[in-house]
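This report refers to the structure that appears directly beneath it.
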Amino acid sequence: MAVLLTGGTGFIGSHTAVEMLKLGNEVILVDDLSNSEISVVDRIKKITGKKVKFYETDVSDKKALEKIFDENNIEGVIHFAGFKSVGESVKKPLMYYKNNLDSTLSILEVMKEYKCKKMIFSSSATVYGSKNTVPFTEEMETGRGISNPYGWTKYMIEQILSDFAFADKSMSIVLLRYFNPIGAHESGLIGEKPDGIPGNLMPFITQTAAGIRDRLTIFGDDYPTRDGSCERDFIHVVDLAKGHVAAWEYALEHTGTEVFNLGTGNGYTVFELLNTFQKVNGIEVPSVIGPRREGDIARVYADVKKAESVLGWKAEKTIEDMCRDSWRWEQKERQRTIGN
Ligand code: UD1
């Protein structure tokens, strides 16, 4: 029996593949490579020494998905595939709704056809919107104050999946709400590789440290936080990947829909992250203070008690680990790109 990872060559998919393989699971990756590279498959093999099957397929393509289900014995799906740029989603909402919803509906239809009963879904803390106060707990109302179409697709997909599991009591759905994943595998072989100018903080920091960007703009220093910059729950991607393994094990034993926050439970500000990065890596990252970015909220961090008590999972890596591993990945990837 295998686990299908849609978006399996992406940032979180690839790290989850490694952790799933390490524990002896059979893993099949599917990705259309629109935002990742084929070389990731070999790198996963290199890290784990295990076999990995890969299909270059758009998950919205039902016929292609059926072929994958025909050729393999798929026990469940971890569904990462989806567009994820907040800024782009504001400019191209239809593209986001179509891609993220279509792909989810296709995979669900095929799962139904093949009686595949387990799905883990990549959701986001963004579903908590701007009306809740920290720490965010899974019971809080979602949806109010979501600021962009990307966030709405996560919210809508959570609803679709819950309805689907409600109609079929033998289904098991786990919704994982990620906080701010950063870091990279300690091998430096896999990590986050944004297309173009990074929208997220850590890739912008590493690219500025590498000299690709002139300076980081800190979006606002007048928030009601301890130093005026926004506070976020940064989580190491390897911890996040292990959270998926715990969720998968949970799904094997339970039916219905369950939701978990995957964060550390600790908030760090933008200044704190930047200072830690400079300190642990001994490198200066030029920065300036700019105006606030539209849609940002001051404080975002998770209540992680539920994941701890129900999944037995807890993030272990420190903010220093995250900064060190992000920088190692950036440097190694630059060297490889120049080498080619
Ligand atoms: C965003 C999305 C979240 C998504 C996550 C993916 C929203 C509101 N947020 O989170 O849904 O899951 O990305 O990782 O939908 N910053 C700077 N300068 C920069 C870039 C960022 O100061 O160049 C600041 C931002 O203002 C923010 C913090 O760094 O306060 C983190 O930003 P970012 O990495 O973009 O993540 P979020 O906005 O928290």
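The values are calculated or read from the model by the stated rules, or taken from the named source; none is laboratory data. None of these values were measured; they are calculated from a predicted model. Cβ sites come from the backbone with ideal geometry, for glycine too, and all protein chains shown count toward neighbours. Note: areas computed on protein heavy atoms with side chains; ligands, DNA, RNA excluded. Shrake-Rupley method; radii C 1.70, N 1.55, O 1.52, S 1.80 Å.
Descriptive notes on the structure:
- Leading residue by the ranking (most open to solvent (accessible area, probe 1.4 Å)) among those in segment 214-240 that are under 16 Å from LYS317 (Cβ atoms) and either of a type outside the set (Asp, Glu) or near the ligand (Cβ under 10 Å from one of its atoms) (or both): ARG232
- Filter result (open to solvent by 30 Å² or more (accessible area, probe 1.4 Å) and out of contact with any Lys or Arg (no Cβ under 8 Å at 6 or more places or on another chain)) within segment 246-260: GLU249, TYR250, GLU253, HIS254, THR257, GLU258
- For the residues ASN275, ASN281, the requirement of being open to solvent by 70 Å² or more (accessible area, probe 1.4 Å), among the polar types (S, T, N, Q) and out of contact with any Asp or Glu (no Cβ under 6 Å at 6 or more places or on another chain) singles out ASN275.
- Which listed residue is under 18 Å from the mean Cα position of the chain (by Cα), open to solvent by 30 Å² or more (accessible area, probe 1.4 Å) and closer than 30 Å to ARG334 by Cβ, from GLY243, GLY199, GLY211, GLY263: GLY199
- Identity of the residue in segment 294-334, open to solvent by less than 20 Å² (accessible area, probe 1.4 Å) and of a type in the set (Asp, Glu), that ends up farthest from the ligand (Cβ to nearest atom): GLU333
- Of all residues in segment 265-290, those that are without any contact (Cβ under 8 Å) to a residue 60 or more places away in the chain have Cβ atoms under 9 Å from Cβ atoms of residues that are crowded, with 19+ Cβ neighbours inside 10 Å and among the hydroxyl-bearing types (Ser, Thr, Tyr), 6 or more apart or on another chain, in ASN266/TYR301; TYR268/TYR301; THR269/TYR223; THR269/SER229; PHE271/SER229; GLU272/SER229; THR276/TYR268.
- Subset of segment 119-149 [open to solvent by 30 Å² or more (accessible area, probe 1.4 Å) and not in a loop (DSSP other than H, G, I, E, B)]: THR126
- Close Cβ contacts (under 7 Å, 6 or more residues apart or on different chains) running from residues in segment 293-305 that are under 14 Å from GLU139 (Cα atoms) to residues that are near the ligand (Cβ under 7 Å from one of its atoms) comprise ALA302/ALA125.
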